[in-house]
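Read through the structure below, which is laid out as structure tokens, and then see the notes.
Where a number appears in this text, it was derived from the coordinates with a stated rule and is not lab data. For clarity, every value in this text was computed on a predicted model and none was experimentally measured. Quick reminder, even Gly has a Cβ in these numbers, built from the backbone with ideal geometry, and neighbours come from all protein chains shown.
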Amino acid sequence: MALKALDIYKLLPRKNCKECGDPTCLTFAMKLAGGKTDVDLCPYLDDAAKAVLGATTRPPIRLVKLGIGERSFAVGEEFVLYRHEKTFYHPPGILFKISDTQTTEDIQAITTRVRDESFTRVGVDLRFNGIAIENTSGTPDTFARAVETVEKIADLPLVLMARDPAALSAALMHCGTYRPLIHAATPENYKEFCALAKNHSCPLVIKANNIDTLAQLAKDCTANGMQDLILDLLPESLQAFIVRSTTIRQLAITRAAPDLGYPVFLDASVMEMPDAAIALGIVKYASVIISYPLSPATARAALTLRQNIYTDPQKPIQMNPGLYRVGDPKKDAPVLMTVNFSLTFFTLQGYLESTRVPCFMLIVDTEGLSVLTAVAAGKLSEMLVKDSIKKFAVEDEVSHRKLIIPGYASPLSGRIEEATGWKVLVGPRDAAEISDFLNEEWKQ
Ligand code: SF4
């Protein structure tokens, strides 16, 4: 059972020496209780306290890092079953799969796509994470050549998928210190795979289609010195994946089965309905998802779903408040005020761009709340609008004193006029109607 911060505090040396990086032992205890620091950072803990604290304060699912450098990513370190209980912290990496029997040109094209492709949604750049290379040929040289081709194009996180340790060894020669994920050890070959992973400081996938076998395999691999493990549940159907991944998540976060406290792997490309498998993997606890290269439309759907599931439900995605330009607005351009909820900002900005009327967007800080919620919660007020006009020097940018406010903020129109001295025009409730509104209502 998880210890509370005060229970943990009683086990600490209470020197307040700051050597753990926290100002006091109590702060360290609170972070330990939340799984946000490591017990090993306190050098003064005796072995007995370490044993108690280590077992109860480590994150229930181990954090495992793939790759190094700018495109590296970490998975695991999750604490809840449902995102509304807290949040999910580490989005799954989605990696495109290639076979070492594909042509060099195909391998180069897929790798270049993963390296370069991104699309922006609500101000965030969304990308795929890396490449999984499968030793379909069964030949070490062919596998090594495919890995070398990928490595020459980009420093992306890799998954090396092979049964033969000799093929993995040959491929690993081209990976330097880039820590590819090795797939996958079984109860029969785990000693060889552990040795290989340890030699190259790589994380290791272990695979079994039975939870008890997987737990025993994890135990055997840790006894062989492996810490960074990822679990492949070998699901034969989508239903089997949901049942096994949910069971493992439950057992891990309740610490009922610490041997299963590792991120989960899903090769969606071998599932019956691969697109559905990707979606299920994102929603139901897969941390590394292997996919065939997706069509542009499916790619956007997958990345959008991942962004939505891994957005903190208690913290809306926010824009920085400020004065934004759409086009090249002059002194007589309209000023439209709205809130800093990203979805509101980008929706309105999109419609404004399509109107081709250069204008200013005055974005006020409602802590990411939408217009309607901010008005109801008292976060959008006449004083906030007045202060924002001053803070972002709007009066220096335009020669008029007219402000367009969202339709849902209409109850504030009189008060905003009084507080700011600006004439207020109440705009539409729906951003889609902003073009008609500007054409009909906006006059200098
Ligand atoms: S290093 Fe240990 S003794 Fe020092 S402040 Fe941190 S928890 Fe307290």
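Got a number for residues in region 3-14 being surrounded by fewer than 18 Cβ atoms within 10 Å (Cβ to Cβ) and near the ligand (Cβ under 6 Å from one of its atoms)?
So in region 3-14, the residues surrounded by fewer than 18 Cβ atoms within 10 Å (Cβ to Cβ) come out as 4-7, 10, 13-14.
When the remaining residues are screened for being near the ligand (Cβ under 6 Å from one of its atoms), the result is 13.
The total comes to 1.
Residue by residue through region 124-150, note down the ones that are closer than 18 Å to Thr112 by Cα and buried (at least 20 other Cβ atoms within 10 Å of the Cβ). Explain how you work it out, then say what you get.
Of all residues in region 124-150, those closer than 18 Å to Thr112 by Cα come to 125-134, 145-150.
Listed by number, the residues that qualify are Phe128, Asn129, Gly130, Ile131, Ala132, Ile133, Glu134, Ala146, Val147, Thr149, Val150.
Considering each of Pro60, Pro91 in turn, give the residue that is in contact with a Pro (Cβ under 9 Å, 6 or more places away or on another chain), away from the ligand (no atom under 11 Å from the Cβ) and in contact (Cβ under 8 Å) with a residue 12 or more places away in the chain. Outline the logic, then answer.
Working: Pro91 fails: in contact with a Pro (Cβ under 9 Å, 6 or more places away or on another chain).
On inspection, the qualifying residue turns out to be Pro60.
Which of the numbered conditions does Asp100 fail, given that it passes all the others? Conditions: (1) touching a Pro at 6+ places or on another chain (Cβ under 8 Å); (2) more than 30 Å from Asn340 (Cβ to Cβ); (3) surrounded by 16 or more Cβ atoms within 10 Å (Cβ to Cβ).
Unmet condition: (1).
Under 7 Å between Cβ atoms, which residue pairs at least 6 apart in sequence (or on different chains) link something in region 22-36 that is farther than 20 Å from Lys86 by Cβ with a partner that is more than 8 Å from the ligand (Cβ to nearest atom)?
These pairs meet every condition: Asp22/Lys31; Cys25/Tyr9; Leu26/Tyr9; Phe28/Thr37.
Just to be sure I understand the filter: pairs with C-beta atoms under 7 Å, separated by 6 or more residues or on different chains, first member in region 277-303 and surrounded by 24 or more Cβ atoms within 10 Å (Cβ to Cβ), second member in a loop (DSSP other than H, G, I, E, B) and of a type in the set (Gly, Ala, Ser). Which pairs pass?
That search, which allows pairs on different chains as well, returns Ser287/Gly76.
Just to be sure, is Cys42 within 16 Å of the ligand (Cβ to nearest atom), surrounded by fewer than 16 Cβ atoms within 10 Å (Cβ to Cβ) and touching a residue at least 24 places away in the same chain (Cβ under 8 Å)? Full working, then the answer.
Numbers: within 16 Å of the ligand (Cβ to nearest atom): yes; surrounded by fewer than 16 Cβ atoms within 10 Å (Cβ to Cβ): no; touching a residue at least 24 places away in the same chain (Cβ under 8 Å): yes.
Criteria not met by Cys42.
Look through region 330-352, keep the residues that are out of contact with any helix residue (DSSP H, G or I) (no Cβ under 8 Å at 6 or more places or on another chain) and over 20 Å from Asp125 (Cα atoms), and return whichever of them is surrounded by the most Cβ atoms within 10 Å (Cβ to Cβ).
This residue is Ala333.
Which one is nearest to the ligand (Cβ to nearest atom) among residues in region 15-35 that are charged (D, E, K, R) and surrounded by 14 or more Cβ atoms within 10 Å (Cβ to Cβ)? Lay out the reasoning, then the answer.
The initial filter retains those residues of region 15-35 that are charged (D, E, K, R), namely 15, 18-19, 22, 31.
So of that shortlist, the ones also surrounded by 14 or more Cβ atoms within 10 Å (Cβ to Cβ) come out as 22, 31.
Working: Asp22: 6, Lys31: 10 Å.
Residue satisfying both the conditions and the ranking: Asp22.
For region 66-86, give me each residue that is on the phi > 0 side of the Ramachandran plot and within 14 Å of the chain's Cα centre (by Cα). Before you say what the answer is, go through the steps one by one.
Initially, region 66-86 is screened for residues on the phi > 0 side of the Ramachandran plot, giving 67, 69, 76-77.
Within region 66-86, Gly76, Glu77 qualify.
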